[in-house]
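The values are calculated or read from the model by the stated rules, or taken from the named source; none is laboratory data. In this text, all values refer to a predicted model and were calculated from it rather than measured experimentally. No Cβ is skipped: glycine too gets one built from the backbone with ideal geometry, and neighbour counts run over all protein chains shown.
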Amino acid sequence: MPEETTSIDYVMEAASGAHFSGLRLDGLLSASSSPRSSSALTPSSGLTADSTALKQPFVIVGVSGGTASGKTTVCDMIIQQLHDHRVVLVNQDSFYRGLTPEESERVHEYNFDHPDAFDTEQLLECVEELKSGHPVHVPIYDFKKHRRCSESFRQVNASDVIILEGILVFHDQRVRNLMNMKIFVDTDADVRLARRIRRDTYAKFVKPAFDDFVLPSKKYADVIIPRGGDNHVAIDLIVQHIRTKLGQHDLCKIYPNVYVIQSTFQREPMLQIRGMHTLIRDQDISKHDFVFYSDRLIRLVVEHGLGHLPFTEKQVVTPTGSVYTGVDFCKKLCGVSIVRSGESMENAMRACCKGIKIGKILIHRDGDNGKQAPEGIHCVSKRFPSLKIVTSEIDVALNEEFRVIPGMGEFGDRYFGTDD
């Protein structure tokens, strides 16, 4: 198709040997005119032998809001509901910088709600270390002496969930970029004022700092919670979302465009997918059963992948004369299968997309030395960050012979009956 047209090009390939398996969509324009995106569908995908070193078994949640908005209450409620996961709380207040002797003499004139009051560099360093899976020493701030305790600290270990709480945690872009979820606790100004005993301090420092720094950062929030800890519905939804993220494959946490379909389905379909993978990976399965269960898996992957296509709203009139508001999917759709394992996915594409045109592409493998071995999801996701990869399972690694393990052998040979 011409470059200027809105097109979707599929490259389909089933898992064959050590090859990465994929169905790729190029030149996809979303309904909201977003940048080009693409998608890959694969029954199973392989990783490199060192891929486990990139595990990030946690979610970083930023919680911001004005002074006395109820941030701590929200954090405590999230932690309580995530009782079956390791959760740690890091307060931005721990990273106040110590006051100079001159500042200490005029402490009542010092604005503790200003970004300059915090050691953001050290905060950033600590969060990056936690994100890398390393324990950190968080400073302890003495609010009476307005300086850090020089001989004591709090050790924080990397956990499933890291909650970073503070009035200005969204102020610095570098810190924001480390967060998987950003929550803003939005409480009425009168309520926050009532929670402050010293009205003069509120009027002189807290409110101006809120208006200048905290409120503008609200636009970066993914979720805004009105009424703080009183909003149980919002907190329940946040906890549910975090649990979903924790249940994803590690690579789905690293690369947001990687989708393992069993991660989002209910328990029963998950067991069905696992059961079908058990069957097709068995070296003693009959060819008929191998093809049957492979086709079932491929159909699930294709249907799930089609859910990532752009669509527009469309209204139709039903036989009862009623108006039904539905969706209309992209029309300019074609598939390109990678010879020859990818040809196993063509029937599912034709069954799901009426009249789809399918082309062929051949990828030549130069050899099986270390430099030329496929690098799986890590390589593809880094080189093509807009590519969406949809798969039913991700294999563990490559062995010494650069074959995917546990794997399923040469998929094309087994599917088309040309194996030994």
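Of all residues in the stretch 209-223, those that are on the phi < 0 side of the Ramachandran plot have Cβ atoms under 7 Å from Cβ atoms of residues that are surrounded by fewer than 15 Cβ atoms within 10 Å (Cβ to Cβ) and modelled with pLDDT under 90, 6 or more apart or on another chain, in Ala209/Asn111. Out of curiosity, is His241 surrounded by 12 or more Cβ atoms within 10 Å (Cβ to Cβ) and at pLDDT 90 or above? It is false that His241 is surrounded by 12 or more Cβ atoms within 10 Å (Cβ to Cβ) and at pLDDT 90 or above. Among the conditions (1) over 31 Å from the mean Cα position of the chain (by Cα); (2) part of a strand (DSSP E or B), the only one that Val336 does not satisfy is (1). Here Ser386 fulfils each of the conditions (1) closer than 29 Å to Leu271 by Cβ; (2) surrounded by fewer than 17 Cβ atoms within 10 Å (Cβ to Cβ) apart from (1). If the condition is being in a strand (DSSP E or B), at pLDDT 85 or above and among the small types (Gly, Ala, Ser), then the stretch 347-399 contributes only Gly359. Here the stretch 284-328 is the region considered, the condition is being assigned to a loop (DSSP other than H, G, I, E, B) and at pLDDT below 90, and the residue that is farthest from Cys352 (Cα to Cα) is Pro310.
Counting residues in the stretch 285-294 that are of a type in the set (Asp, Glu), out of contact with any strand residue (DSSP E or B) (no Cβ under 6 Å at 6 or more places or on another chain) and either farther than 15 Å from Phe411 by Cβ or touching a residue at least 24 places away in the same chain (Cβ under 8 Å) (or both) gives zero. Ser38 falls short on exactly one of the conditions (1) modelled with pLDDT under 90; (2) among the hydroxyl-bearing types (Ser, Thr, Tyr); (3) surrounded by 20 or more Cβ atoms within 10 Å (Cβ to Cβ); (4) closer than 30 Å to Phe112 by Cα, and that condition is (4).
Among residues of the stretch 247-259 that are without any contact (Cβ under 8 Å) to a residue 12 or more places away in the chain and closer than 19 Å to Met179 by Cβ, those with a beta-carbon under 9 Å from a residue that is exposed (fewer than 15 other Cβ atoms within 10 Å of the Cβ) and not acidic (Asp, Glu) at least six positions away or on a different chain give the pairs Cys252/Ser263. State whether the residues of the stretch 172-181 include one that is at pLDDT 80 or above, farther than 30 Å from Asp250 by Cβ and in a loop (DSSP other than H, G, I, E, B). Checked the stretch 172-181: no residue is at pLDDT 80 or above, farther than 30 Å from Asp250 by Cβ and in a loop (DSSP other than H, G, I, E, B). Within the stretch 393-412, residues that are assigned by TED's automatic domain parsing to the domain that holds Lys287 and within 14 Å of His378 (Cβ to Cβ) reach partners that are among the β-branched types (Val, Ile, Thr) and buried (at least 18 other Cβ atoms within 10 Å of the Cβ) with beta carbons closer than 6 Å, at six or more positions or on different chains, in the pairs Asp395/Val404; Leu398/Thr48. Restricting the stretch 197-227 to residues that are part of a loop (DSSP other than H, G, I, E, B) and at pLDDT 80 or above, the residue that is surrounded by the most Cβ atoms within 10 Å (Cβ to Cβ) is Ala221.
Scan the stretch 121-129 and tell me whether some residue there is without any contact (Cβ under 8 Å) to a residue 60 or more places away in the chain and crowded, with 17+ Cβ neighbours inside 10 Å. Quick ask: steps written out before the conclusion?
From the stretch 121-129, those without any contact (Cβ under 8 Å) to a residue 60 or more places away in the chain are 121-126, 128-129; that's our starting set.
Then keep just the ones that are crowded, with 17+ Cβ neighbours inside 10 Å; that gives 123, 126.
For the stretch 121-129, residues without any contact (Cβ under 8 Å) to a residue 60 or more places away in the chain and crowded, with 17+ Cβ neighbours inside 10 Å: present.
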